[in-house]
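The values are calculated or read from the model by the stated rules, or taken from the named source; none is laboratory data. Not measured: the values here are computed from a predicted model. Note: ideal-geometry Cβ built from the backbone for every residue, glycine included; neighbour counts use all protein chains shown. With ligands, DNA and RNA removed, areas are computed over all heavy atoms of the protein, side chains included. Shrake-Rupley method; radii C 1.70, N 1.55, O 1.52, S 1.80 Å.
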Amino acid sequence: MLKHAPNGFPIGFLWGSASAACQIEGGCSEGGKGLSVADVAMKQDKEVPRIEYKNVTKEQINAAEGYVGEELYPKRHGVDYYHRFKEDIALCAQMGFTAFRMSIAWSRLFPNGDELEPNPEGLGFYHEVFKELKKYKMEPIVTLSHFEMPLHLVTQYGGWADRKLIDMFVRYCKVCFDEYGSYVTYWINFNEMNGTRFNTFYSTGIVREDWGDKFEQATYQAAHNQFVASAKAVKYLREKWSNARMGCMVVPFTRYPGTCKPEDVMKMQHDMHLDCYFYTDIYMRGEYPGYALRYFDDHQIQLETEDRDFELIKTYTVDYLTFSYYSTSISSVEQEGWETTDGNLSQQLKNPYLEASEWGWQIDPMGLRYQLSCFADRYPGVEMMVVENGLGAQDIVEADGSIQDDYRIDYLRRHIEQIKESIRDGANVIGYTSWSSMDCISSGTSEMAKRYGFIYIDLDDNNEGTLERKPKKSFYWYKKVIETNGEKL
């Protein structure tokens, strides 16, 4: 019998929001935590192109290591989730969350990253967090590495370009699975794993100046080592917890051709291959795709590998696919004549048909449906989650204390509508966690002014404020969305 298309979100759909330890926790010098790559990030002016401050130098690292305070490095203080997580999780429960995407700070469990035994205080902290989520029946979706690798692994080993990090990461993963496996079904290996190309230092710990003209090769070496590390972690996870799932996560950089010229269409395909599908193809299918092998040959990229690597990658693929979605971009063989805009992680060509946020991120709800369709066609039947999607804005507290963020409601409504359309198209979408449940330190610019949350936090860019939590108008809107399983938007 021919089936009918789904009418809406499936029963049991996971609704919630996402967070990252390095953006909310704070407590940088508490509980035995070590410095991480996030603790090197200084607040940036939004007018400065992001690509100009993504390349962290040795001088910056040395200065950050010697600085013991929090004032210059906002992610060191976060929004004090380390002390207020019970209050924050309770607020999420008030919205009716059935899922909570979070990350574990690698440097809180292994302060240097190369220890043989974990830090007991760090272990205890996350046990308390998971107990609190269980209390409210929220499904944790846990990212193991979210731009927060221990800084010692950068200064001592040169980051993920060194194969030694494979076993260090697997040791860390095994501790997480052993300690928290009874709480967690959904794991994610690396946040925005294609950040090896666009967010290299925070994704891999590679410092550009160390590599010269071998920098691109180093990024692909780091990616390969992460593929192997993920496979080894998946192997252990499946042996330990039969019901557990490991996912991968990417920022797709969804693209359109600049014109209908065949050259622009081929440029779009090339960009999507290298920027996105190279990573998802390997994690989902377990093999290096032909277009990547050709690119390596054409650009004299030679990776250090072991024969066993490819068997592991093929055997221990991931179970589901997750991605962040904020904006789309243009691919064109002609760069002249195009305006550029600062998108998520990199500068992009500006689409003249789209509006943009005040931070220059182009807003394209229909592009989300398009990307879900592309993934569904490429990986038939795969379970997918949209694990980041949101609007950064300068929210205003009104005289009566309210935050009337109708612009955020409109943004989220239009994107959720497109997820619903994707499900009707046949995409197997099982969850949505917006960015973010609460205001947090910006990942890219380390600002507080760019707010994403349903919950307003009284903190400014100068680390001044009461840290009071206050629901915005969108808080109550999202509560209704969850109550009706996406029917009332």
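Residues in the stretch 382-416 that are in a helix (DSSP H, G or I), touching a residue at least 12 places away in the same chain (Cβ under 8 Å) and more than 18 Å from LEU14 (Cβ to Cβ): ASP406, TYR407, ARG408, ILE409, TYR411, ARG413, ARG414.
Scanning the stretch 419-441 for residues that are open to solvent by 10 Å² or more (accessible area, probe 1.4 Å) and closer than 30 Å to ASP395 by Cα turns up LYS420, GLU421, TRP435. Within the stretch 165-189, residues that are under 21 Å from MET284 (Cα atoms) and of a type in the set (S, T, N, Q) have Cβ atoms under 7 Å from residues that are part of a helix (DSSP H, G or I) and open to solvent by less than 10 Å² (accessible area, probe 1.4 Å) in these pairs: ASN189/SER230; ASN189/ALA233, counting only partners at least 6 apart in sequence or on another chain.
Would you mind finding the one in ALA20, ALA93, ALA5 that is touching a His at 6+ places or on another chain (Cβ under 6 Å), of a type outside the set (S, T, N, Q) and at negative phi? Answer to the selection: ALA20.
In this structure, THR328 does satisfy being in contact with a Gly (Cβ under 8 Å, 6 or more places away or on another chain) and β-branched (Val, Ile, Thr).
Within the stretch 387-398, the presence of at least one residue that is touching a Lys or Arg at 6+ places or on another chain (Cβ under 6 Å) and either β-branched (Val, Ile, Thr) or surrounded by fewer than 17 Cβ atoms within 10 Å (Cβ to Cβ) (or both) is confirmed.
The set of residues in the stretch 423-447 being among the acidic types (Asp, Glu) and not in a loop (DSSP other than H, G, I, E, B) consists of ASP425 alone. Residues that are within 14 Å of CYS176 (Cα to Cα) and either in contact with a Ser or Thr (Cβ under 7 Å, 6 or more places away or on another chain) or not basic (Lys, Arg) (or both) within the stretch 102-115 comprise MET102, SER103, ILE104, ALA105, TRP106, SER107, LEU109, PHE110, GLY113, listed in sequence order. For ASP80, the conditions (1) touching a residue at least 60 places away in the same chain (Cβ under 8 Å); (2) more than 24 Å from PHE475 (Cβ to Cβ); (3) charged (D, E, K, R) are fulfilled apart from (2). Which one of the conditions (1) open to solvent by 10 Å² or more (accessible area, probe 1.4 Å); (2) under 16 Å from TYR220 (Cβ atoms) does ARG255 fail to meet, given that it meets all the rest? The single condition ARG255 does not satisfy is (2).
Among the residues of the stretch 448-481, those that are assigned to a helix (DSSP H, G or I) and surrounded by fewer than 19 Cβ atoms within 10 Å (Cβ to Cβ) comprise LYS473, TYR476, LYS479, LYS480.
Of all residues in the stretch 206-254, those that are more than 17 Å from the chain's Cα centre (by Cα), β-branched (Val, Ile, Thr) and either under 21 Å from ASP271 (Cβ atoms) or outside any helix (DSSP H, G or I) (or both) total 3.
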